[in-house]
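The values are calculated or read from the model by the stated rules, or taken from the named source; none is laboratory data. What you see is a predicted model, and the numbers here were worked out from it, not measured in a lab. Ideal geometry is used to build each Cβ from the backbone, glycine not excepted, and the neighbour counts take in all protein chains shown. All accessible areas refer to the heavy atoms of the entire protein, side chains included, with ligands and DNA or RNA removed. Shrake-Rupley method; radii C 1.70, N 1.55, O 1.52, S 1.80 Å.
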Amino acid sequence: MRKRDQWLAAPLGAGLAAALLTGCGSEDGNAGGTGESVVMGMSDEVVSTDPASGYDPGSWVVFNNIFQSLMSFPKGSTIPQPDAADKCSFKDESSTVYQCTLKEGLKFSNGHALTSEDVAHSFNRTLKINDDKGPAKSLLSTIKNIRTPDKLNVVFELKRSDATFPQKIASGAGSIVDHQEYPLDKLRTDGKAVGSGVYKLDSYDEKQAKFSVNKDYKGSAVVQNRGVTMKFFHGEQDSLRDAVQKGDIDLAYRGLAMKDIASLDSAAVGKNNVKVVEGTSAEVQHLVFNTKDPVVGKVGVRKAIAYLIDRSALVRDVYKRTAEPLYSIVPSGITGHKTPFYDTYGDRPQPDKAAAALNSAGIKDKVKLTLYATPIRYGPGTVPEFQAIAQQLNKSGLFEADVKSVPLKEYEEGVAAGRYGVYVKGWVPDYPDPDNFTAPFFGEDNVLSNNYESKEITSRILATAANGSRPSTIGDYAKVQSTVAQDVPILPLWQGKQYAVANERVSGLQWSLDASTVFRFWEISKASKG
């Protein structure tokens, strides 16, 4: 019999500001582990086991399970609560001084005591190394100074108001490392890791990573298994699908082809003793336009493309309805979500309006355009999706578009150097707040590298960062979304859903597929064979 589980995460609520300001400690969980060990497969790469470097979904799966942060997201919630900390709060109305008091008796998996020195070292280290593949610029740039009055207290002095700071340090960027194990000025490259989280990393190589329960863990998690083995499939979607169908792995997470998810979710799936588990997600994907490019640097060209994109067709034909059309930079389910691209450009191709937009830019001939994509980093459907977009543009008779697929390293170098006019950017949020869908894209040191600047947007982003009541920022975020729709420096395409495919003996996955984007190993259990 087919099974399909769906989990809807709790939305951001009016009580967010109070939760960010006060917080409360939590009782110790079960660090011993129960049930059987679990074997999972993932086709995403793990860029690094060092939290000063990894800033990708695969790496953060590792970080969230072997490291603790001062704050964390409880299952089913988008409101951070104390984790390694006993309590945290802002000490001033301007949200520029944030203090946390650690739980007593915390230890790393190597037996070393965890103190405020380790916390300060972890953040200072990430900032000092400032790795291009790390979270320093995007998430920790507001930190000016860190003080440690004693072994249990740590005080963050911020450069400017940042009401989202508790959410930022609840992410993988807040991972606490042992100062005796991690040098201040260089990355750890031995594939080992030492944290104080629910699990410890026993071994790691290109084929798999093995995790066992950390007996020294002190926190609220109740562990439902005796360990996890994570096997890496390096983008080989068919192999990942076959492994979960044959029972070689207990579950598959991230990287299954959309057609395979749809097929496995068919009425016959029960015959294979597997189930598809669906959860909410705020993962998004955009077309990005280099505003200094000689072609798409013209806003009329960008608007013409916006009039011609058929998101519903992309979601239906390429993604097999495993995603939803997206009409804003702030996705559905996040505070302040609006639909300005739908309101302005509609949901179906409008060639007449596209032609008028090109005419306003002084363009009479077909527009020659190359869309750049990379085959794995932003999902296995990216290249087929871009090929479909090129067909949509060419069908209008207004464009002559083609697609170039580029290996990831070359792709990232090309984007950074400004060699591409149109390219793809996917985004898995670090924390569920509209700030994380705006500041990284349009703020200082943004991740898009598309040469777009808007003082109106940056001033509003700074204003919202000072506002501890996130619902009251809706007006500012609405104006930011509207400005982006008018200038079109990026074009939102789709908002994803989270999926895992698992043996029917596996349960608890719904607690790892919520809007917090934290994949919690400890919630997954596997029943013994009857």
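Brief remarks follow.
- Only one entry in Lys529, Lys455 is among the basic types (Lys, Arg) and at pLDDT 90 or above, namely Lys455.
- Only residues that are over 19 Å from Asp56 (Cα atoms) and touching a helix residue (DSSP H, G or I) at 6+ places or on another chain (Cβ under 9 Å) were counted across segment 405-420, and they come to 3.
- In segment 294-325, the residues that are of a type in the set (A, V, I, L, M) and surrounded by 20 or more Cβ atoms within 10 Å (Cβ to Cβ): Val296, Val301, Ala304, Ile305, Ala306, Leu308, Ile309, Leu314, Val315, Val318, Ala323
- Gly247 being under 30 Å from Leu106 (Cα atoms), touching a residue at least 60 places away in the same chain (Cβ under 8 Å), surrounded by fewer than 23 Cβ atoms within 10 Å (Cβ to Cβ) and of a type outside the set (D, E, K, R): no
- Whichever residue in segment 453-471 is open to solvent by less than 30 Å² (accessible area, probe 1.4 Å) and among the hydroxyl-bearing types (Ser, Thr, Tyr) and, among such residues, is farthest from Thr78 (Cα to Cα): Ser454
- Filter result for Ile329 (open to solvent by less than 40 Å² (accessible area, probe 1.4 Å) and within 20 Å of Tyr423 (Cα to Cα)): yes
- Filter result for the condition that a residue is in a loop (DSSP other than H, G, I, E, B), touching a residue at least 24 places away in the same chain (Cβ under 8 Å) and touching a helix residue (DSSP H, G or I) at 6+ places or on another chain (Cβ under 9 Å), over Gly300, Gly397: Gly397
- Looking across segment 316-333, just one residue is part of a helix (DSSP H, G or I) and either out of contact with any helix residue (DSSP H, G or I) (no Cβ under 7 Å at 6 or more places or on another chain) or over 22 Å from Phe386 (Cα atoms) (or both), and that is Arg316.
- Candidate set: segment 334-385, residues that are aliphatic (A, V, I, L, M) and in a loop (DSSP other than H, G, I, E, B); chosen: the one least open to solvent (accessible area, probe 1.4 Å): Ile334
- For segment 477-493, the candidate set comprises residues that are closer than 24 Å to Gln167 by Cβ and within 23 Å of the chain's Cα centre (by Cα); within that set, the residue that is surrounded by the fewest Cβ atoms within 10 Å (Cβ to Cβ) is Ala478.
- Filter result for Gly105 (out of contact with any Ser or Thr (no Cβ under 8 Å at 6 or more places or on another chain) and in contact (Cβ under 8 Å) with a residue 60 or more places away in the chain): yes
- Considering residues of segment 278-293 that are more than 23 Å from Thr374 (Cβ to Cβ) and open to solvent by 10 Å² or more (accessible area, probe 1.4 Å) only, the residue nearest to the chain's Cα centre (by Cα): Thr280
- Taking every residue in segment 201-229 that is farther than 16 Å from Val46 by Cα and pairing it with any residue that is open to solvent by 70 Å² or more (accessible area, probe 1.4 Å) and assigned to a loop (DSSP other than H, G, I, E, B), at least 6 positions away or on another chain, the pairs with Cβ-Cβ distances below 7 Å are Val213/Arg226; Lys218/Asp28; Gly219/Asp28; Ser220/Glu27.
- Pairs, first over 11 Å from Gly219 (Cβ atoms) in segment 61-72, second among the acidic types (Asp, Glu), C-beta under 6 Å, six or more apart: Met71/Asp83
- Subset of segment 43-59 (residues that are among the aliphatic types (A, V, I, L, M) and surrounded by 23 or more Cβ atoms within 10 Å (Cβ to Cβ)): Ala52
- Scanning segment 141-164 for residues that are modelled with pLDDT under 95 and not charged (D, E, K, R) yields a total of 5.
- Test: residue in segment 252-267 that is at pLDDT 90 or above, open to solvent by less than 50 Å² (accessible area, probe 1.4 Å) and either in contact with a helix residue (DSSP H, G or I) (Cβ under 6 Å, 6 or more places away or on another chain) or within 30 Å of Ser528 (Cβ to Cβ) (or both): yes
- Any hit, segment 220-239, residues being within 19 Å of Asn110 (Cβ to Cβ) and either surrounded by fewer than 19 Cβ atoms within 10 Å (Cβ to Cβ) or modelled with pLDDT of 95 or more (or both): yes
- Matching entry among Val403, Val447, Val424 (being farther than 14 Å from Thr291 by Cβ, in contact (Cβ under 8 Å) with a residue 40 or more places away in the chain and open to solvent by 10 Å² or more (accessible area, probe 1.4 Å)): Val447
- Meeting the requirement of 2 or more residues that are of a type outside the set (Gly, Ala, Ser) and closer than 30 Å to His337 by Cβ, the strands (runs of 3 or more DSSP E) wholly within segment 184-290 are 274-279, 284-289.
- Residues being farther than 20 Å from Arg520 by Cα and of a type in the set (S, T, N, Q) - total across segment 164-213: 3
- Every pair of residues 6+ apart whose Cβ atoms lie under 7 Å, when the first sits in segment 347-374 and is over 28 Å from Gly426 (Cα atoms) and free of Cβ contacts under 8 Å to residues at least 60 places away in the same chain while the second is acidic (Asp, Glu) and in a strand (DSSP E or B): Lys366/Glu400
- Any hit, segment 496-514, residues being under 18 Å from Leu287 (Cα atoms) and either buried (at least 16 other Cβ atoms within 10 Å of the Cβ) or touching a residue at least 12 places away in the same chain (Cβ under 8 Å) (or both): yes
- Any chance Gln81 is under 20 Å from the mean Cα position of the chain (by Cα), closer than 16 Å to Leu152 by Cα and not small (Gly, Ala, Ser): no
- Looking only at residues of segment 112-135 that are of a type outside the set (Val, Ile, Thr) and closer than 22 Å to Ile79 by Cα, we find that the one that is modelled with the lowest pLDDT is Pro135.
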